[in-house]
Amino acid sequence: MKKFQIILLLLISHLLNAQDIYYVAPENHPETPGDDLRGNGSYETPWATFQKGFVMARPGDTVYFRGGTYYSNGTNIINPVKYPYGLGYSGTAEKPITYLGYPHDVAAGNLPVLDCFHHCTTMPPNPYGDTYNAAISMHLVEYIKFKDLEIRNVFQCDSVINGAISASDCANLTFEHIIIHNVGQRGYWIQGGAWGEYTDDPPAPWESDTTRWINCDVYDLCDTFVTNIGNAADAWKTIHYKGNYVSWEGCRAWNYTDDGWDPSPINGATRVLKNCWGMAGDKYKNVDPYVDGVERNAFKLNGLREWASVSYSTVEMTNCIAAFSKHGFYELDYRLNGEYYNNTAYRNDIGFIGSRASADHPRTSTYKNNIAYGSTGLDPGLKEPYELALMGDAYVESHNTWDWIRTYPFFKMSDTVTVTDSDFIVIDPTAVFAQLTAKRGPGGSLPSISALSLAPGSDLIDAGTNVGLAYNGDAPDIGAFEFGIEPGTGNWYPSVSITSPSNGSIFSDTVAISIRADASDPDGSVSLVEFYYQETIKIGETSTYPYSISWENAPAGTHAIKAVVTDNQNAVATSAIVKVTVAPPITDPESGLLWPNPNHGIFTLFLPSPLESTNDLRVISLEGKVMYTGTMYEQEVQKNFDFSHFRPGLYLLLLSSGKSLLYNKFIKL
């Protein structure tokens, strides 16, 4: 009997923790044709539709889509609470659900293509009103990842605007190498579900939200079934909230009628864009000759709600390109605390534009190492190129191709550097657009291009200031691209990046911090890797692989670490900075250390010694409401928390076992 019980417990444990792999293939696949009725989701007998894969996958599962075209007859839905019965499941932090192209097919250039051309003629009428057409629609789910997929021909079926991929009340989604094109509405329409302190009516379904796009393309978008034709086809339209982190890296948008990016932060979401390119182009410029409503902005950064105010950056824009658009980098609010570093605006009507600043409404964003060049719009007063429209009072800016002045038009082109066509390897507009929209490289990476890259001898090389990004030579360059060859030598610069610790790591003052870097040289060898903090204070150096050192007795506080590599011809390159925090010593062994405190909801609990048993964790508000439950395990000595979605106030953190109770108070700012 006891043996049977053990076997039963093992079986139940397996069922609860099983993580299955399924396969889907087009019905006409030459090797393994898909069949929803007779298939079992195996490699040999796969299912035939996206919808079947969505319905069958449970938390922790992976669904592979074989290469080829899937002709869809209606929106493919993931909605566990759909009436009268749910469709699909949500993932969890421990067990995300992953939907991706089959790697062997993807490597051969054969992506799964979801073609939605027939939706508007094959979908049954909506008895409740309008048709919200989409390729993929999600509701009330989190921790779902999509990778290596192509979606096309997602049109408006009536006047309703949706997205080729839509999500409502969702969180913690990841999209990697997703190609969306030929769309009659938005590319993405994402409404986050972790609104935290924004409102309690209704309560947010999710505690936090980190949603990411990596190496994604959206192009050829134009909405037509509306009064103002073309005024809604954004590549990305998103809504998120304070404490949410939304990022795009290596993404592109081109040939669209409204905005490439239009992410709304509501009361303070953080929006991060790295190495992204937005090019509205002229394809739909005159789509409606009677209505001047086609915006054609590259990056439109919406502002906060009227009552909201934050002390941190809500926009981090680095190494991005805005080109062939009406407005390049367009900031609609003076309170965004944006950081615009090493970006290039080229042949937009206006390169950089923002709300007018004044003493009552100062511009809080910072602009450094940016290029504004070739604007096609003319200032209505001066009849000169409209490179900038950052009107009003002074703001923090330096090492750009312009300088602020206190009178209209509130800028002049820089006296320190002069920008001409000769500063760039490729500057012809037709060639630039062709390169910016070229086919992606291996693994979905951005194409390697020379367009808008600095030419040898440009005075923009080494003319920037250090903003914490990686750079070659003595100083950063100005613009989106770093020059790769050491001037006057023909020697390619080496490269270096810190791989450990991760950015934002927190350490006890008793721990030696291991720092590791990847370093390489394309035409020689690495001679030396040095590590610094606070820009100039040397931690140590190494000349042998793996390039790592141990930082002992690090002082308390937050430190910016960088690595500097020197190659065999003495060319030097500097890594992007990594910020780490060292906590002060524990002074109360009875309660440990909760640090920093007060905080914005992100902090670490340090214990004086490792736990001897598993402990329960609870965070309780002053009203007695349990805001969080969790666990710390035997031998753990510290734990990181992110309660940035909590309302400001005083909270209790309780750590308890059957034998003891430890508590700390913390103030959420």
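The values are calculated or read from the model by the stated rules, or taken from the named source; none is laboratory data. Being a predicted model, the structure only gives us computed values, none of them experimental. When we count neighbours, we look across all protein chains shown, and the Cβ atoms used for this are built from the backbone with ideal geometry, even at glycine. Just so you know, the surface numbers come from the protein's heavy atoms only, side chains and all, with ligands and any DNA or RNA stripped out. Shrake-Rupley method; radii C 1.70, N 1.55, O 1.52, S 1.80 Å.
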Original post:
Quick one: ranking V526, V580, V287 by accessible area, 1.4 Å probe, largest first, what do you get?
Top reply: V287, V526, V580
Original post:
In whole Å, what is the distance between the alpha-carbon centres of region 362-388 and region 543-568?
Top reply: 39 Å
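Contact order normalised by length for the chain, with contacts defined as Cα pairs under 8 Å and 6 or more residues apart; what percent is it? Walk me through the numbers before you get to the answer.
Values: 1898 pairs, mean separation 37.9, N = 669.
Relative contact order of the chain: 6 percent.
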Subject >> In Hz, Karplus ³J(HN,Hα) per residue of region 519-525 (6.51, -1.76, 1.60; θ = phi - 60°; x = Gly, Pro) >> reply: 9, 7, 9, x, 9, x, 9
Original post:
Can you list residues whose amide H is under 5 Å from I561's amide H, if they're 5+ apart or on another chain and H is modeled 1.01 Å from N?
Top reply: V578, K579, V580
Subject >> Total charge dipole magnitude, region 305-435, about the Cα centre, Cβ charges on Lys, Arg, Asp, Glu only, Debye to nearest 20 >> reply: 200 debye
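Set the Förster radius R0 to 56 Å, insert the Cβ-Cβ distance between I485 and N286 as r into 1/(1 + (r/R0)^6), and round the FRET efficiency to 0.05. Each step should come with its number before you reach the end.
Details: r = 42 Å, r/R0 = 0.76.
The value I calculate is 0.85.
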**OP:** Excluding S422 itself, calculate the net charge of residues whose Cβ lies under 15 Å from the Cβ of S422, where each Lys or Arg counts +1 and each Asp or Glu counts -1.
**Re:** -4
Original post:
Residue by residue, what Karplus-based ³J(HN,Hα) values in Hz, rounded to whole numbers, does region 362-376 have, using 6.51, -1.76 and 1.60 with θ = phi - 60° and x for Gly and Pro?
Top reply: x, 6, 9, 8, 10, 10, 9, 6, 9, 10, 10, 8, x, 4, 9
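Based on the Cβ-Cβ distance of E27 and K82, what FRET efficiency does E = 1/(1 + (r/R0)^6) give at R0 = 22 Å, to the nearest 0.05? Each step should come with its number before you reach the end.
On the way: r = 25 Å, r/R0 = 1.15.
Calculated transfer efficiency: 0.30.
Just reorder D567, D421 by solvent-accessible area, largest first, 1.4 Å probe, all chains present.
Values: D567 0, D421 85 Å².
Output order, biggest surface exposure first: D421, D567.
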**OP:** Per residue of region 571-579, in order, report the coupling 6.51 cos²θ - 1.76 cosθ + 1.60 (Karplus, θ = phi - 60°) as ³J(HN,Hα) in whole Hz, putting x for Gly and Pro.
**Re:** 6, 10, 9, 10, 7, 5, 6, 10, 8
Original post:
Can you list residues whose amide H is under 5 Å from L446's amide H, if they're 5+ apart or on another chain and H is modeled 1.01 Å from N?
Top reply: G441
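I'd like to compare 487-496, 356-365, 240-249: which one has the highest average count of other Cβ atoms within 10 Å, and what's the full order after that? Intermediate values should be presented prior to the final figure.
On the way: 487-496: 17.4, 356-365: 15.8, 240-249: 23.1.
Ranking the peptides 487-496, 356-365, 240-249 by packing returns 240-249, 487-496, 356-365.
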Original post:
Local charge sum around D523 (other residues, Cβ-Cβ under 11 Å, Lys/Arg +1, Asp/Glu -1)?
Top reply: -3
**OP:** Can you work out the accessible area per residue across region 489-565, with the rest of the protein chains kept in place, probe 1.4 Å, in square angstrom?
**Re:** 49 Å²
**OP:** With a point put 7 Å past each Cα toward its Cβ, work out how far T510 is from E541 in nm, to one decimal.
**Re:** 3.4 nm
**OP:** Return the long-range amide H neighbours of S453 (sequence gap of 5 or more, or a different chain), with a cut-off of under 5 Å between placed amide H atoms.
**Re:** I425, V426
Original post:
Can you list the lysines whose alpha carbon sits under 18 Å from that of K52, skipping same-chain ones fewer than 8 residues off?
Top reply: K82, K145, K147
**OP:** Using a 1.4 angstrom probe, figure out how much accessible area region 96-179 has per residue, in square angstrom, rounded to the nearest whole.
**Re:** 37 Å²
Original post:
Taking only protein heavy atoms and a 1.4 Å probe, what accessible area per residue, in Å², does region 347-405 have with all protein chains in place?
Top reply: 41 Å²
Original post:
About the Cα centre of region 231-294, what is the dipole size in debye to 20, counting +1 per Lys and Arg Cβ and -1 per Asp and Glu Cβ, all else neutral?
Top reply: 300 debye
Subject >> Whole-Å distance, taken between Cα centres, linking region 60-80 and region 143-204 >> reply: 15 Å
**OP:** When a/c is below 1.5 the answer is rounded, else prolate if a/b is larger than b/c, else oblate, so apply that to region 31-137 with a ≥ b ≥ c taken from the square roots of the Cα gyration tensor eigenvalues.
**Re:** oblate
Original post:
Mind checking the dipole of the chain: about its Cα centre, +1 per Lys or Arg Cβ, -1 per Asp or Glu Cβ, Debye to the nearest 20?
Top reply: 1440 debye
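Take peptides 60-67, 216-223, 627-634 and line them up by average Cβ neighbours within 10 Å, highest first, as a rough protection proxy.
Numbers: 60-67: 21.8, 216-223: 25.0, 627-634: 13.4.
Per-residue Cβ counts within 10 Å, averaged per peptide and sorted highest first, yield 216-223, 60-67, 627-634.
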Subject >> Carbon plus sulfur fraction of accessible area for the chain, probe 1.4 Å, in percent >> reply: 52 percent
Original post:
Taking the Cβ of L446 as the center, what net charge do the other residues with Cβ under 9 Å away carry, scoring Lys and Arg +1 and Asp and Glu -1?
Top reply: +2
